[in-house]
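A quick write-up on the structure given underneath.
The values are calculated or read from the model by the stated rules, or taken from the named source; none is laboratory data. Just so it is clear, the model here is predicted, and its values are computed rather than measured. We place every Cβ from the backbone using ideal geometry, glycine too, and count neighbours over all the protein chains shown.
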Amino acid sequence: MAVESGAPVIPVFIRETSGRDPWSPGAASRWWLHESLVALTASLAECGLPLILRSGEVLATLDELIAETGAQAVFWNRCYEPYAIARDKTIKNHLTARGITAKSGNAGLLFEPWRITREGGGSYRVFSAFWRACRAAEAHMRPEPRPTRMRPPENPPASESLTTWNLQPKSPDWAGGLRDTWTPGEAGALARLDRFLERAARYAADRDRPDREATSRLSPHLHWGEISPRTIWNRIAAAAAAGRIPAADEEKFLSELGWREFSHHLLFHVPDLAEQPLRPEFSEFPWTACEADIARWRRGMTGFPIVDAGMRQLWQTGWMHNRVRMIAASFLVKDLLAPWQVGAAWFWDTLVDADLANNAASWQWVAGCGADAAPYFRIFNPILQGERFDPAGDYVRTYCPELARLPASVIHRPWEADSATLREAGVRLGQTYPAPMIDHGKARRRALDAFERIKSSAA
């Protein structure tokens, strides 16, 4: 929209520092933001445009920039978190009242959260029905082409220095694993999509295997606006049309984009989704986890290898395989009886793809209190899940190297290995690797009993 106006374009990124946003970026997100802005600065420079960085309260900062530049129009892409919606409405009303053109657009979702509605009105609570409505409404999925010519400003306003924002960790610098794993920015996103397309023909079969490079890992690029869901949709659809991706794999992957859409649909219609259970009876759930148990979960020291591997992958890389996210989340909420909000807060701080809608909807799904939620009695058994989805133990060996020499037959239940096997593998339970912090069978029974109590009280 800005390029089409023919006026000089002044790209601006404003870092909100008013403290009003209750969900400011976590530590891993701040690292990604720094790297993404570095990449964006370089990309815009290729077009002859500077990226202006400012920090402060957004509306006041915009007023300052308008005064400095004489700008007559402001364009931006919409965000859909409750705070952002309210903020952007205020900005649009304020600028319009001043005679400034204020236009926002949708670049981050396939569908606006308010567009897909049930027959007769209202929002969806079941994903399958929501996704059918999305597919029926499918149209105009092609992304806009990248502008080839942009008119730079003659006298660009001053910019703050990115280094002064202190977004990256220093003492200690814990981001080495993130740097080794990710390339933030549009070029990194497109390269990752290209790599995924090479293996997407086995997506449906392999997506639940954390020991295989089967998923797209595009989630942080999507969250940060470095690639649009329309671009991904069209590339996947084109590959399927050319016979490179079977229809079943195409549909399975597109439905994952659909879950992202569903999450934003839910957050738009339920603004307190990140704080309150969608099913109100869960407000009375008898959570009992202690802080020491939660700390062991965060550190990946539960004694259940698939859970520990996932939590360590998260700490090292800022990302965790989706199947393992479900296993680790179920362990926290149902084995340890910790509130789902505790886990959601930890993921918010440590994930490079921390997205308020996805994070809230997914944690509520696992906890059994959200939309389209897994039945509460579906409690992931971390031993069986590990044996099923990491059968050779390669994922565990990667992130729990102290177990690397254990045979596959016991790597997901090292406490059942005989003393000779443990000795040969160099494993000393309780010393080099923790014994299980809880009996899963008893924990499952305890969780089911707690659920029965809230069901009885709600009846």
The number of residues in the range 318-335 that are closer than 22 Å to GLY441 by Cβ and either touching a His at 6+ places or on another chain (Cβ under 9 Å) or surrounded by 23 or more Cβ atoms within 10 Å (Cβ to Cβ) (or both) is 10
Kindly evaluate ILE245 against the criterion of being assigned to a loop (DSSP other than H, G, I, E, B) and within 23 Å of CYS134 (Cβ to Cβ). yes
Residue check: is LEU406 over 30 Å from the mean Cα position of the chain (by Cα), surrounded by 18 or more Cβ atoms within 10 Å (Cβ to Cβ) and in a loop (DSSP other than H, G, I, E, B)? yes
Yes or no: the range 356-379 includes at least one residue that is surrounded by fewer than 20 Cβ atoms within 10 Å (Cβ to Cβ) and part of a helix (DSSP H, G or I). no
Check whether at least one residue in the range 139-154 is surrounded by 14 or more Cβ atoms within 10 Å (Cβ to Cβ), of a type in the set (Val, Ile, Thr) and in a loop (DSSP other than H, G, I, E, B), and report yes or no. no
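Of everything in the range 224-242, what is small (Gly, Ala, Ser) and either in a helix (DSSP H, G or I) or loosely packed, with under 15 Cβ neighbours inside 10 Å (or both)? Give them in sequence order. Spell out how you get there, then give the answer.
From the range 224-242, those small (Gly, Ala, Ser) are 225, 228, 237-242; that's our starting set.
Residues satisfying the conditions are ALA237, ALA238, ALA239, ALA240, ALA241, ALA242.
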Quick check on the range 21-37. Is at least one of its residues aliphatic (A, V, I, L, M) and either farther than 30 Å from GLN313 by Cα or in contact with a strand residue (DSSP E or B) (Cβ under 9 Å, 6 or more places away or on another chain) (or both)? yes
Give all pairs with beta carbons closer than 8 Å in which a residue from the range 164-189 that is closer than 14 Å to LEU33 by Cα meets a residue that is among the basic types (Lys, Arg) and assigned to a helix (DSSP H, G or I); count only pairs at least 6 apart in sequence or on separate chains. LEU167/ARG30; GLN168/ARG30; THR183/ARG192
Is it the case, given these coordinates, that GLN385 is outside any helix (DSSP H, G or I) and modelled with pLDDT of 95 or more? no
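Test THR96 against the stated conditions and say whether it is in contact with a Leu (Cβ under 8 Å, 6 or more places away or on another chain) and without any contact (Cβ under 8 Å) to a residue 40 or more places away in the chain. Give the steps one after another, and end with the answer.
Details: in contact with a Leu (Cβ under 8 Å, 6 or more places away or on another chain): no; without any contact (Cβ under 8 Å) to a residue 40 or more places away in the chain: yes.
No, not satisfied.
Looking at ARG149, ARG132, ARG179, which is the one that is among the basic types (Lys, Arg) and within 30 Å of PHE262 (Cβ to Cβ)?
Numbers: ARG149 fails: within 30 Å of PHE262 (Cβ to Cβ); ARG179 fails: within 30 Å of PHE262 (Cβ to Cβ).
From the options ARG149, ARG132, ARG179, the qualifying one is ARG132.
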Count of the range 332-372 residues which are of a type in the set (A, V, I, L, M), farther than 20 Å from MET301 by Cβ and over 9 Å from the mean Cα position of the chain (by Cα): 6
